[in-house]
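Enquirer: Questions regarding the structure given below will be posed in turn.
What follows is calculated from the coordinates using simple rules that are stated; it is not laboratory data. As the structure is a prediction and not an experimental result, all values here were calculated from the model. Note that we place each Cβ from the backbone using ideal geometry, even for glycine, and neighbour counts take in every protein chain shown.
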Ligand SMILES: NC(=O)c1ccc[n+]([C@@H]2O[C@H](COP(=O)([O-])OP(=O)(O)OC[C@H]3O[C@@H](n4cnc5c(N)ncnc54)[C@H](OP(=O)(O)O)[C@@H]3O)[C@@H](O)[C@H]2O)c1
């Protein structure tokens, strides 16, 4: 068996960068796509390609022939009350979270099928299964991702597994505006049964499990990695 080949879209920063590092630790080679090279492009075992998955296309000729894992990380946290939601914002969130994921999976499909043992990891949010105020745009987009996770898991089984991770607030560039003072960090941490916000590695560890053969009987699932927020009342 050759070296496992993993595609990470959005591997330059945040959770995706953590996943790239985990994949390298597992001995895999990574083909990474993002708009900027970021933290991981220069690492041994990573081939980085610049692309905007909303306005551009992944060039199929740079993909490995056999793809053992695919992770799609681009996402949004645009919050606001229903009365103020603009159609343009809804569409933009749908483009980044959903259409980019559909295009990426389409471009990778043949390579994933060639593996015979491939795993796809999508990203949802706690706000898809748990109703939270102010989350119209993100809930709409990530609700679609959760439904697509099950649809694709059905359509691509048994050769390709498809799962999603639903994080709660995690310390990344995307979440910076909610965590830019000690007061905000403390207030956010206090909301969680496990008394802290998420770290990149909490989520990357879950992705590593879903990418590995340890999860070879798991498909069509949405895994909450959320400090207990989605299922526990204190
Ligand atoms: N952080 C949280 O609190 C949280 C909570 C719930 C769910 N999530 C979900 O978890 C996932 C990862 O979140 P994160 O916090 O790690 O996000 P992040 O810090 O914004 O990182 C996103 C990654 O995607 C890339 N990217 C964004 N737009 C892109 C585009 N149009 N084309 C190509 N690459 C693009 C970014 O790189 P470039 O900028 O270089 O392109 C970056 O590498 C997202 O789907 C998010 O919705 C996060």
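Enquirer: What full-extension length gain, to one decimal in nm, is calculated for residue 106 and residue 185 as 0.36 nm per residue of separation minus the Cα-Cα distance?
Expert: 24.6 nm
Enquirer: If contacts are Cα pairs under 8 angstrom and at least 6 residues apart, what is the relative contact order of segment 10-137 in percent?
Expert: 26 percent
Enquirer: Averaging over every viewing direction, what projected area does the convex hull of the Cα atoms of the chain cover, in nm²?
Expert: 12.7 nm²
Enquirer: So how far apart, in nm, are the two label points at residue 178 and residue 117 if each is 7 Å from Cα heading toward Cβ?
Expert: 3.7 nm
Enquirer: OK, next. Mind pulling the per residue volume of the convex hull built on the Cα atoms of segment 1-137? Å³ is fine.
Expert: Considering the Cα atoms of segment 1-137, their hull volume per residue is 113 Å³.
Enquirer: Follow-up. Contour minus end-to-end for residue 217 and residue 205, with contour as 0.36 nm per residue of separation and end-to-end as the Cα-Cα distance?
Expert: Computed gain between residue 217 and residue 205 is 2.5 nm.
Enquirer: Going by a ≥ b ≥ c, the root eigenvalues of the Cα gyration tensor, does segment 139-234 fall in the rounded group (a/c under 1.5), the prolate group (a/b larger than b/c) or the oblate group?
Expert: Note, shape of segment 139-234 comes out prolate.
Enquirer: Where does the chain land at 222 nm, in deg cm²/dmol rounded to the nearest 500, when only DSSP H runs of n ≥ 4 count, each adding -39500 (n - 2.57), divided by all residues?
Expert: -10500 deg cm²/dmol
Enquirer: Once a ≥ b ≥ c are taken as the square roots of the eigenvalues of the Cα gyration tensor of segment 82-146, is the result rounded (a/c under 1.5), prolate (a/b larger than b/c) or oblate (a/b not larger than b/c)?
Expert: Note, shape of segment 82-146 comes out oblate.
Enquirer: Extension gain residue 35-residue 89, at 0.36 nm per residue separation less the Cα-Cα distance, in nm?
Expert: 17.4 nm
Enquirer: Right, something else. Order of 180-186, 167-173, 49-55 by packing, highest average Cβ count within 10 Å first?
Expert: Averaged packing, sorted descending, gives the order 167-173, 49-55, 180-186.
Enquirer: Between residue 140 and residue 82, how many nm apart are label points set 7 Å from Cα along the C-beta direction?
Expert: Going by the 7 Å Cα→Cβ label model, 1.3 nm.
Enquirer: Let me ask something additional. Take the alpha carbon gyration tensor of segment 1-54, find the square roots of its eigenvalues, order them as a ≥ b ≥ c, and report rounded if a/c is under 1.5; if not, report prolate when a/b exceeds b/c, else oblate.
Expert: Verdict is prolate for segment 1-54.
Enquirer: Please work out the FRET efficiency for the pair residue 234 and residue 65, using the Cβ-Cβ distance as r and a Förster radius of 41 Å; give the result to the nearest 0.05.
Expert: FRET efficiency, residue 234 to residue 65: 0.25.
Enquirer: Now a separate question. For the peptides 209-222, 110-123, what is the packing order when you average, over each peptide's residues, the other Cβ atoms within 10 Å and list the highest mean first?
Expert: For the peptides 209-222, 110-123, the packing ranking is 110-123, 209-222.
Enquirer: Now for a different question. Have a look at 165, 77, 67 and tell me which one the Gaussian network model of the chain (Cα, springs below 10 Å) gives the largest fluctuation.
Expert: Result for the chain, Cα springs under 10 Å: 77 fluctuates most.
Enquirer: Residues of segment 130-167 with backbone nitrogen within less than 20 Å of a virtual label 7 Å along the Cα-to-Cβ line of residue 26, please, listed as ranges.
Expert: Counting only backbone N, you get 149-150, 152-154, 156-167.
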